[in-house]
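Engineer: Dropping the structure in here first, questions after.
Every number here is computed from the coordinates shown, using simple stated rules; none is lab data. None of these values were measured; they are calculated from a predicted model. When we count neighbours, we look across all protein chains shown, and the Cβ atoms used for this are built from the backbone with ideal geometry, even at glycine.
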């Protein structure tokens, strides 16, 4: 081999560019290798044989590791030219290529950002994929990036069943677990999976991530499920390099924490030793696939090149520790194993190393020339897919009469043949109807099965559809929402329940960071359509305090792509729920379906026993289109009240009293959909009347009223407007709650002032 510096700094110069040093270390190792130094060739071959690794396996894995290393090195060259925008690499973790190699391309994979080796190995399972060019496209934020379309540097592939993940620590673990559970549930429902029936899930993460709350709740839910002898076919791949950016993981902590967990089968390998990694990983993967039990595969690794290109490792790690890690470079050690076995010469490995470098450099040059996202419309295009015609057609489609009669018992008992009823009853009937329509629909959450939910909205569903479709979960919102995402990946239609709006915040990242971002980060190649039912809002006559009377929806209103529905009456609830499930089914959308708790049992509107807030079950083709509001007294011109939820009957009562006293006519608009707001419709109604009162039961800051005011200012600034909102306060227990919520008196006073 010709000895050359390759334009790189040499070890010993205390160069702070560790990428150059690691690169040169490998080159010098090959340059200095003397075949006469090879020893114990038979021992290496014997170890390979006992691990069931073939010579081709070893050579393939070395090549994938070289590919992964060159992606890391060239990413830094791209950054230096301002042609690349991501430098978190996989150096030191290259032996995760073994897991990519041993699993199938139909095994769903949820990967963290140090998974370059895995991706190179899995990409080799599809000849149409060029992993180097794909990586260069992703690093350069190219619009031609085959997974995200230039929206983020993620490991992902539709063809390879690698679902793109965000950079949020451990947030992908709950949905990986949910996918494994859903895979088995779908089989019990006789639902055809999009992958082979014996597939398993792979989920990789770092040692520091194993301490995160999202990890802990995932492992707990996994063990809770496995403890009941239910299958959870997932391999949790913990890549333990001893560091969480700059924070050291205590030596032995991961092993002590996970080795003896009931319901989680533990395997450990030396992640720097390719043969040991192969042997243990194969055993772990085969065990998971055969037994359908969850596996914790613990690989001990090194982290090279710091956390990212901008990371000055010497700020928190001694130079001796850094050089010790570099001496244990797994790429170097794998090359040494190949040399010891005599399968390749140093010159042959060097040729692959340089040849791969040249290919990656060429890929980087070409990627830099490709088009980039250069306008907001293109950036946002995949995050809110909506085919109105298809959605509305699906929403109007009814279950077969045979299926409905099987559920409801007889023609006489069909909901449309029953008397007018209140919100909770009509919701219950709608859920029965939709479960009949969608055999793949599942409902789950805390207490939803035998108990029928906290407010009995799901009463009878478990008895009718059995536990495979309606079931209780452990009391953990993160798990519930993770399971919902997994169910959607496997082709089910999940309708999870969150008991109270305040409880959603325990797990909001599963909606904000994960479920609602998937279509965006996958360029709409993956979706996880679901309808999340949430018992919501206030006005429970002081019962329960804040945690059962949460009137704030600000935290969910700013989540891109999330749809928020909020019915105020039973017939609307049914028609809107039909549209919501169609949105999830047809367009893959995530819907938050807010059910006003205080209106569940409300039957009367103006006086006791008037029954005016009970409504008949709407015909099967009756739907509420996305964004469509309901207008009461559409010809009224003296005042328009815009409201939603509890505000609707409150505003109607206040309006009636005003009309009786002043003869003024008041129009009331029930928004019904809180996100996205129908701007054109709101502006049209406001302009038509000229005077508007917004009644927002949410808080003054961040409430719906702020956006409505902005819509009016931008579309019809001549309109006179005012608002009544809740106070910026948590809701106290008892009668004191009335002091911080909107009252009918507040509405009357504000309306009369405007009139």
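Engineer: For residue 40 paired with residue 621, estimate the spin-label separation in nm (one decimal), with each label point 7 Å from Cα along the Cα-to-Cβ line.
Structural biologist: Result for the modelled spin labels: 7.9 nm.
Engineer: Shape verdict for segment 691-755, please, from the Cα gyration tensor: rounded (a/c under 1.5), prolate (a/b greater than b/c) or oblate. Walk me through the numbers before you get to the answer.
Structural biologist: On the way: a/c = 4.64, a/b = 1.66, b/c = 2.79.
The shape class here is oblate.
Engineer: For segment 27-370, calculate the relative contact order in percent as a whole number, restricting contacts to Cα pairs under 8 Å that are 6 or more residues apart.
Structural biologist: On the way: 620 pairs, mean separation 79.4, N = 344.
The normalised contact order for segment 27-370 reaches 23 percent.
Engineer: Just the number, please: percent antiparallel of the DSSP beta bridges in segment 27-370, rounded to the nearest 5. Mind dumping the intermediate values first?
Structural biologist: Working: 3 of 25 bridges.
Given both bridge residues lie in segment 27-370, the antiparallel proportion sits at roughly 10 percent.
Engineer: Over every pair of different alpha-carbon atoms in segment 206-358, take the mean of 1/r and invert it; report that Kirkwood radius in Å.
Structural biologist: On the way: mean 1/r = 0.0570 Å⁻¹.
So the Kirkwood estimate lands at 17.6 Å.
Engineer: Restricting attention to the alpha-carbon atoms of the chain, what are Rg (one decimal) and Dmax (integer), both in Å?
Structural biologist: Both quantities, over Cα of the chain: 29.8, 106 Å.
Engineer: Could you give log10 I(q)/I(0) at q = 0.21, 0.22 Å⁻¹ for segment 88-225, computed by the Debye formula over C-alpha point scatterers of equal weight, without solvent?
Structural biologist: The Debye formula, applied to the Cα set alone, gives -1.34, -1.41.
Engineer: Considering only DSSP beta bridges with both partners in segment 630-754, what is the antiparallel share in %, to the nearest 5? Don't skip to the end; give the middle numbers.
Structural biologist: Working: 3 of 18 bridges.
That works out to approximately 15 percent antiparallel.
Engineer: Further question: Contact order normalised by length for segment 630-754, with contacts defined as Cα pairs under 8 Å and 6 or more residues apart; what percent is it? Can you show the working numbers first?
Structural biologist: On the way: 208 pairs, mean separation 35.6, N = 125.
Across segment 630-754, relative contact order equals 28 percent.
Engineer: May I ask for the distance between the Cα centers of segment 407-440 and segment 151-167, given as a whole number of Å?
Structural biologist: First find each Cα centre; the distance between them is then 40 Å.
Engineer: Can I ask one more? Assuming R0 = 41 Å, what is the FRET efficiency of residue 376 and residue 508, from their Cβ-Cβ distance, to the nearest 0.05?
Structural biologist: The formula returns an efficiency of 0.95 here.
Engineer: Using the alpha-carbon centroid of each, what span in Å lies between segment 61-117 and segment 308-331?
Structural biologist: 18
Engineer: What is the helix-to-structure angle for 704-715, meaning the angle in degrees between its Cα long axis and the longest Cα principal axis of the chain, kept from 0 to 90 and rounded to the nearest 10?
Structural biologist: Relative to the chain, helix 704-715 is tipped by roughly 80 degrees.
Engineer: Taking 0.36 nm per intervening residue step and subtracting the Cα-Cα distance, what contour gain separates residue 474 from residue 255 on full extension? Before the final figure, lay out each step's value.
Structural biologist: On the way: separation 219, 0.36 × 219 = 78.84 nm, distance 2.62 nm.
Gain in length upon complete extension: 76.2 nm.
Engineer: State the extension gain, in nm to one decimal, for the chain segment bounded by residue 198 and residue 752, taking 0.36 nm per residue of separation less the distance between their alpha-carbons. Don't skip to the answer; put the middle values down first.
Structural biologist: Numbers: separation 554, 0.36 × 554 = 199.44 nm, distance 6.74 nm.
Net length gain for the segment: 192.7 nm.
Engineer: Mind giving me the nanometre distance, one decimal, between the label points for residue 388 and residue 77, set 7 Å out from Cα along Cα→Cβ?
Structural biologist: Output for this residue pair reads 5.1 nm.
Engineer: Determine the percent antiparallel among the DSSP beta bridges restricted to the chain, to the nearest 5. Mind dumping the intermediate values first?
Structural biologist: On the way: 10 of 67 bridges.
Roughly 15 percent of the DSSP beta bridges within the chain come out antiparallel.
Engineer: Quick one: length gained pulling residue 50 to residue 660 fully straight, 0.36 nm per residue minus the C-alpha distance?
Structural biologist: Working: separation 610, 0.36 × 610 = 219.60 nm, distance 9.07 nm.
Length difference between fully extended and current span is 210.5 nm.
Engineer: Which number comes out as Rg/Rh for segment 27-370 once both Rg and the Kirkwood Rh are worked out on C-alpha atoms?
Structural biologist: Details: Rg = 19.6 Å, Rh = 20.5 Å.
Value, to two decimals: 0.96.
Engineer: Here's a follow-up. Roughly how many nanometres apart are two label points built 7 Å out from the Cα toward the Cβ at residue 144 and residue 633?
Structural biologist: Computed distance between label sites residue 144 and residue 633 equals 6.3 nm.
Engineer: Cα centroids of segment 382-404 and segment 645-675: how far apart, whole angstrom?
Structural biologist: 32
Engineer: Kirkwood Rh over Cα pairs of segment 381-599 into Stokes-Einstein at 37 °C, 0.692 mPa s: D in µm²/s? Spell out each step's value before the answer.
Structural biologist: Values: Rh = 17.4 Å.
Once the numbers are plugged in, D ends up at 188 µm²/s.
Engineer: Another one. Just rank 673, 224, 33, fewest to most, by other beta-carbon atoms within 10 angstrom. Write down the numbers at each step before the final one.
Structural biologist: Details: 673 24, 224 16, 33 19.
Placing the least packed residue first, the sequence is 224, 33, 673.
Engineer: Quick check on the chain: helices-only [θ] at 222 nm, where DSSP H runs of length 4 and up contribute -39,500 (n - 2.57) each and the sum goes over total residues. Nearest 500, please. The partial results should precede the final answer.
Structural biologist: Numbers: 27 runs with 310 residues, N = 755.
Taking each H run of at least 4 residues, the total per residue is -12500 deg cm²/dmol.
Engineer: How high is the relative contact order of the chain, in percent, with contacts defined as C-alpha pairs under 8 Å that are six or more residues apart? Let's see the in-between values first.
Structural biologist: Details: 1555 pairs, mean separation 87.1, N = 755.
Normalised by residue count, the contact order of the chain is 12 percent.
Engineer: Let me ask another. With a ≥ b ≥ c taken as the square roots of the eigenvalues of the C-alpha gyration tensor of segment 73-135, please select rounded if a/c is under 1.5 and otherwise prolate if a/b is larger than b/c or oblate if it is not?
Structural biologist: Working: a/c = 2.56, a/b = 1.73, b/c = 1.48.
Here segment 73-135 falls in the prolate category.
Engineer: Which order do the peptides 327-337, 136-146, 246-256 come out in when sorted by mean C-beta neighbours inside 10 angstrom, highest first? Intermediate results must be reported in sequence, preceding the final value.
Structural biologist: Values: 327-337: 20.7, 136-146: 23.5, 246-256: 13.1.
Listed from highest to lowest mean packing, they are 136-146, 327-337, 246-256.
Engineer: Where does each of 487-493, 530-536, 382-388 land if you order them by average Cβ count within 10 Å, highest first? Write down the numbers at each step before the final one.
Structural biologist: Working: 487-493: 23.3, 530-536: 26.1, 382-388: 15.9.
Output ranking for 487-493, 530-536, 382-388: 530-536, 487-493, 382-388.
Engineer: Could you compute the FRET efficiency for residue 727 and residue 168, with r as their C-beta to C-beta distance and R0 at 30 Å, rounded to 0.05? Walk me through the intermediate numbers first.
Structural biologist: Working: r = 33 Å, r/R0 = 1.09.
Between residue 727 and residue 168 the formula returns 0.35.
Engineer: Still on this structure, please answer the following. Calculate how large, on average over all directions, the projected area of the Cα convex hull of segment 631-755 is; give the answer in nm² to one decimal. If you can, show how the numbers build up before the last one.
Structural biologist: On the way: hull surface 29.3 nm².
Hull-based average projected area comes out at 7.3 nm².
Engineer: Okay, moving on. Starting with the highest mean, order 674-685, 696-707 by the number of other Cβ atoms within 10 Å, averaged over the residues of each peptide.
Structural biologist: Details: 674-685: 17.8, 696-707: 21.2.
Answer by packing, highest mean first, reads 696-707, 674-685.
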